[in-house]
Each structure stands twice: as C-alpha cells, then as structure tokens.
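Here's the structure, in structure tokens; my notes come after.
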Amino acid sequence: MLKERLIRYEDLIPCKAAFIDAKTPGSNLKDNYSIIGGGVSESTHQKVNLSEKHGFCIGAAGQPPRVKNSPHSHFTAEVFMVYSSHWRFYWNNDEKSEIILHPGDIISLPTNMFRGFENVGDEYGMIFSILGHDDAGGGVVWLPRVIEEAKDYGLVLLENGKLVDTTIGEKVPEGLERMPALSENELKTFDQYTIEQMKEHVGFVGTYKESTYKHFANQTPNTLRWIDVLGPQDSRDHQFSANPGDPNGDGFNVYGLQSDSSGRTGKYSRNEVEVMLVHRGEFEISCSHNGEEISATLKNGDIFTFPKGAIRSIKAKTYGFAYFVVGEDYPKAPKLVS
C-alpha cells in the first residue's frame, strides 16, 4: 500500500545494540536505523520501517557528540548523506586519514576499505546511509581491535554475522563459533586511500551545479534545479558531483532537487524505484499506482519511496533541498505524463 511507503522522520525506530561495538565506551550511546531493507545490522532486534526489496538499502545512524562508529569495511557501496551536526569520517587500517563533512554533504565510501565516523558537532547528529544491493553484501568486517575491545562488554559476534547480547540473557547457540579477528596477512589485502583520492568521492552541498541533462521532469526551470550527485563514472549524459564508491556498480544513483517555493516537476514516471529524502524544506508529493493514490507534504527528514511505474508529481511549498535515490546502475530517462 502506498501509505506504507511514506516514512516520517519521527517514525524512525532505533536499535541501541545493532553492532559489536555498541556497548564499548566511546562507541556506545549510538542509534542505528534500518529504514528500507535490513542493511547490515548484526542484531536480531533491529526494526525495519519498510522491508520491501529495492535493490539497495537505506538506513541512518544517530549519535551524540563525540560518539564514534568503529572502523569496519563493506562488501558493497556505502554512501552517507549528512543530515544534522558535523561529522568526521576517517579511514584506512591506521585510521589516520580524515575529512569533516557538514549538513547536506555526501560521501561515497569504497568497498574493501576500513572506515569509521564520529559526530564532532555540539548536538545529537543524524546521517542517512545508502548501501548497495538488497543484502548489502551480507555484513561487515571489523578491524581486529574492535572485536577485542568489545569482549568485556557483553556482546558476542558469531561466525554467521549475528550478535548475541549476554547482558540481556542471550546465550551463544551450540554449534556456532565466535567471529575470528582478521590476521595480519588478511589486513594487508584491504585498500588504502589518500585524502586527495577520497575527495573525489565527496560531494559538497554548496558546490552543486544544476545538471545539464535535459530529460528531468521540470515545469519551472527558473525555480527548480535537478543536480547530478552520484552516479557511474562512465556516464555520458550526466556530470556527477561525486564518483561511485564501487566501480563494479552500486545498484543506485543519487540526484538532488533544489527548489524555490514555486518549483514543481509536473507529472512523470520511472521504470525504476525512486526514493525521495527531504534534507530541508517542505514538498508536496502525489503518487498514483495500481489504482491507489496518495498525497502528502514531506518535511525535514521525511522519506517517500515511489514504486516502479508510478505516476508522481512534486511541488515545493518552501525553499528546499531533497535527495533522490534511483535504482539501477543506468536508469532510463523519466517519462513525462501530460
């Protein structure tokens, strides 16, 4: 049903112990959200707002100031959109390379590279995430120190990638072993990136330029601007602001929509699933699909996912900026509807 595809910011459900480091001092107090798809949460207690498969997963991390998410590596693309506060992203085996991002910025983190992040602002902060593919590669790999530091705090990561929380009475099932830490030789197989190399994977919201692509739906080109944010490196039609994190394909593209209060798209449809995530402002959306219709006003942090083939329109009610996550590596042009 279409109403289930509207996810309000206030309806996001956190898991307090989603990963092995969730009780380790310095990494505790963080919240993990699985919004569309299960993502890579290691907890069987993780709540998911919408489980329907999209070809990618969308989640979020919420953290108080100075709380870290420990270094880990992914098997598929991982993209973060900074929603609130200021964040330090750090990477490589030695954890020494870093960059600071602010609300509206986006970073596409490559596979096979250790990364972590910390809220370095003065307020509770949120970052939304996109993970490639429906199962996001099946899990994450941790730096050995993370598993070692967690041993005294009651969380046990099993070889099947699931957590056991002994602080609430859970026990390690018979026949399952703990997840082993990586060896020195295994650590050498992970990629290392310089700061300059990683800057190619970052989009800064203040530097975005309007797309030259002519096939976006747009009835008011003077007040509504589509932006190419993240897509394939070999695209001939778009000039993206950040390169993809996975050269073998992410399974999604990211666009931006910046509009004055009078901007509107008109009606259009897509062959691919399209998720709208409002960063700032208010947008009125309408959607029609298989005899159902829905109209709603989306505000800061709200999400709506348009199903494949649905007819939709978007109208700004205030100045605003929204991200759009579109499925497939090479999505087709939107179809305008008269």
* Do the sum for the chain: with -39,500 (n - 2.57) for every DSSP H run of n ≥ 4, divided by all residues, what is the mean residue ellipticity at 222 nm, to the nearest 500 deg cm²/dmol? -> -1000 deg cm²/dmol
* **Long-range amide H partners of ASP105 with built H, under 5 Å** => VAL82, VAL205
* To do: Would you mind pulling out the separation of the Cα centroids of region 277-338 and region 131-180, in Å?
  => 37
* Determine ³J(HN,Hα), in whole Hz, for all residues of region 182-187 in sequence, where each value follows from phi through the Karplus function 6.51 cos²θ - 1.76 cosθ + 1.60 and θ = phi - 60°; x replaces Gly and Pro. => 5, 7, 4, 5, 5, 4
* Among (1) 61, 42, 37; (2) 80, 52, 33; (3) 57, 45, 38, the entry that matches Cα extents along the principal axes in Å as calculated here -> (1)
* **Surface share of carbon and sulfur [accessible, 1.4 angstrom probe, percent] for region 1-146** => 51
* Asked: So what is the relative contact order of the chain, in percent, for Cα pairs below 8 Å that sit 6 or more residues apart?
  -> 16
* Asked: Taking the highest mean first, how do the peptides 62-68, 250-256 order by number of other beta carbon atoms within 10 angstrom per residue?
  -> 250-256, 62-68
* Which value, in debye to the nearest 20, gives the size of the charge dipole of the chain about its Cα centre, when Lys and Arg are +1 and Asp and Glu are -1 at the Cβ? -> 1100
* Go through ALA316, TYR255, SER235 and say which Cα lies farthest out towards the positive end of the charge dipole of the chain; charges sit on Cβ, +1 for Lys and Arg, -1 for Asp and Glu. => ALA316
* Asked: Over region 127-203, what is the relative contact order in whole percent, taking alpha-carbon pairs under 8 Å and six or more residues apart?
  -> 22
* Asked: With every protein chain left in place, what is the accessible area per residue of the chain in square angstrom, probe 1.4 Å?
  -> 44
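The values are calculated or read from the model by the stated rules, or taken from the named source; none is laboratory data. The structure presented is a predicted model; accordingly, all values stated were derived computationally and were not measured. For neighbour counting, all protein chains shown are included, and Cβ atoms are generated from backbone atoms with ideal geometry for every residue, glycine included. These accessible areas exclude ligands, DNA and RNA; they are computed on the full protein's heavy atoms, side chains included. Shrake-Rupley method; radii C 1.70, N 1.55, O 1.52, S 1.80 Å.
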